[in-house]
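Have a look at the structure below, then the notes.
Throughout, read-outs are computed from the coordinates displayed, never taken from laboratory work. Source: prediction; values computed, not measured. Positions of Cβ are generated from backbone atoms using ideal geometry, with glycine treated the same way; all protein chains shown enter the neighbour counts.
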Amino acid sequence: MRFAPSLLSELGGSHRILKAPAHDGPAAQREPAVVQRVSDMLTTIERDGMDAVLRYARELDGWTDTQVELDAATIKRSGDHLTPAHREALELGAQRTRAFAQAQRDHLQDFETELAPGLITGHRYVPVQRVGAYLPAGRFPLTAGAFMTVGVPKVAGVDTVLACLPPGRDGTPDPAVLYSAHLSGADHVYVLGGVQALAAMAFGLLGERPVDILVGAGNAYVAEAKRQLFGTVGIDLLAGPSEVAVLADDTADPELVAADLLGQAEHGINSPAALITTSETLGHAVITEVERQLTTLTTAEIAGPAWRDHGSVTWAADADTAVALMDDLAPEHLEVITADDAHYHRALRNYGSIFLGPWSTVAYSDKGMAGTNHVLPTAGGAKHSAGLSVSRFLKPLTYQRIAEHATPLLADAVDVISDYEQMSAHRATATIRTERHQKGKDQK
């Protein structure tokens with residue numbers, strides 16, 4: 001997350017950088033080697049089919065079985081490997097995510113309206129038929145991902161949701177990720193990772209027709225595979241490293257702000273974390289507190305470099321400047337901790353999801369407890385796109401139903417426009433109807 005130089009010039013002395021990122025550049029770039037490797041893999045899998053998928057599974061994940069789909073009994077028993085408290089927490093997250101998605105679905109309404117006498121138009125929300133969800137399970141098995149990418153499309157009414165998750169070092173899928181997929185209603189679950197998983201779902205190699213949409217997070221190879229497969233299938237979004245930004249004033253607690261910044265920096269060494277504050281005193285206090293917390297954080301080897309290389313603290317002279325700076329960052333996750341959160345909520349326009357007040361933290365959404373979807377745009381994508389939601393799996397399909405007596409309202413104008421554009425076939429579709437309509441009137 002970086003400010004546009006033109007904005008900084010425009011704001012002049014109304015802001016000051018208290019801590020700048022050590023790394024002067026985007027948090028992540030498309031590596032040419034990754035792009036080429038993914039391209040080669042997709043070409044090979046499209047040509048050689050499941051043989052290539054299994055070959056890559058052996059080479060990259062150590063998977064030696066020829067069967068990649070898990071049976072229903074195995075999926076259902078996955079919860080037996082978890083403590084009761086862990087199972088209950090996952091069940092709560094699945095339930096809340098479904099509840100929020102259902103509330104969203106309930107507010108997406110079909111409609112029909114008569115634009116002019118005899119001209120009826122409207123739209124119907126129709127779900128896509130097949131979704132492929134990738135559930136990463138690397139160093140950090142992100143168990144709530146299935147709630148967002150499997151459970152939400154099922155609420156939308158998607159017929160079939162396939163889920164792929166890579167095998168762990170012991171050759172078995174992570175039981176918590178698997179149980180989350182079960183709770184979320186996955187129709188089929190496959191032990192398959194990385195590029196080969198996405199390609200198998202997109203090319204219809206898993207005993208199903210090709211999926212319509214691929215969703216879910218992953219590493220650089222997974223992100224690149226989604227980029228290259230887009231067009232063959234739809235995708236949720238192209239997400240980079242996880243981001244957090246906090247907008248705070250002098251009422252904020254430095255300990256909470258520092259903890260929330262590190263909470264997202266922990267995702268990876270490329271994860272940006274930014275504080276914009278109207279209190280210079282708070283800004284310096286947070287910088288000190290971050291360093292203190294890093295001394296006891298068990299994931300300091302990740303969060304420390306992320307904060308050093310991609311962390312920033314900026315002082316803003318007033319609320320308007322703070323809003324302008326934050327809207328320019330357009331962060332994935334935005335926390336607001338001020339004396340007037342409602343004002344900032346009204347004023348801010350660019351973010352993936354917003355967390356209002358000191359009792360709201362990004363981790364509540366990350367783990368599925370808040371119910372909202374945590375698949376969100378990064379790298380400034382919030383300026384033009386929203387995060388994943390039930391609406392992504394629904395197509396608002398328009399229709400029109402036109403009565404004969406409405407013919408002059410449409411055909412006469414189409415006749416004129418088509419004549420100007422020299423599109424005679426378009427013009428004929430209108431003039432034929434005009435003639436028939438007039439003939440019918442004359443015969444009455």
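Between the stretch 314-354 and the stretch 385-444, what's the alpha-carbon centroid distance in Å? If you average the Cα positions of each part, the centres end up 45 Å apart. Approximating the spin labels as points 7 Å out from Cα along Cα→Cβ, the His384-to-Glu31 distance works out to 2.7 nm.
Charged neighbours of Gly118, selected by a Cβ distance under 11 Å, balance to -1 (K, R count +1; D, E count -1). Computed over neighbours whose Cβ is under 12 Å from that of Gly171, the net charge equals -2, Lys and Arg +1, Asp and Glu -1.
The length gained on full extension between Ala413 and Asn219, counted as 0.36 nm times the residue separation minus their Cα-Cα distance, comes to 64.5 nm.
What residues from the stretch 146-165 fall in the zone where the backbone N is under 14 Å from a label point 7 Å along the Cα-to-C-beta line of Leu108? Correct set: 149-159. Largest GNM mean-square fluctuation across Trp63, Trp359, Trp307, computed for the chain with C-alpha springs under 10 Å, falls on Trp359. Beta bridges assigned by DSSP with both partners in the chain are antiparallel in approximately 35 percent of cases.
Comparing Pro117, Pro173, Pro396 in a Gaussian network model of the chain, where Cα atoms under 10 Å apart are tied by springs, the biggest mean-square fluctuation is seen for Pro117.
Look at the alpha carbon pairs under 8 Å that are at least 6 residues apart: their mean separation over the length of the chain gives a relative contact order of 21 percent. For the stretch 108-164 and the stretch 235-284, what is the separation of their Cα centres, given in Å? Cα centroid of the stretch 108-164 versus Cα centroid of the stretch 235-284: 30 Å apart. Sorted ascending by nearby beta carbons within 10 Å, beginning with the fewest, Thr251, Thr314 become Thr251, Thr314. Counting only alpha carbon atoms, the long axis of helix 84-106 and the longest principal axis of the chain meet at about 30°.
Springs join every pair of Cα atoms under 10 Å in this Gaussian network model of the chain, and among Leu135, Leu183, Leu409 the largest mean-square fluctuation is at Leu409. Below 8 Å, C-alpha to C-alpha, sequence gap of six or more: please give me the relative contact order for the stretch 403-443 in percent. The normalised contact order for the stretch 403-443 reaches 45 percent. What net charge do the residues around Asp341 carry, taking every other residue with its C-beta under 13 Å from that of Asp341, with Lys and Arg at +1 and Asp and Glu at -1? Counting the neighbours of Asp341, the net charge comes to -2.
Compared with the dominant principal axis of the Cα atoms in the chain, helix 32-48 is inclined by about 50°. Treating each Cα of the stretch 403-443 as an identical point scatterer and summing with the Debye formula, the log10 of I(q)/I(0) at q = 0.23, 0.29 Å⁻¹ comes to -0.67, -0.92. For Leu192, the residues 5 or more places off, or on other chains, whose built amide H falls under 5 Å of its own are Leu165. Distance between the modelled labels on Glu280 and Ala20, one decimal in nanometres: 1.7 nm (7 Å Cα→Cβ projection). Per-residue extension of 0.36 nm, minus the Cα-Cα distance of Glu208 and Thr64, leaves a gain of 49.6 nm for this segment.
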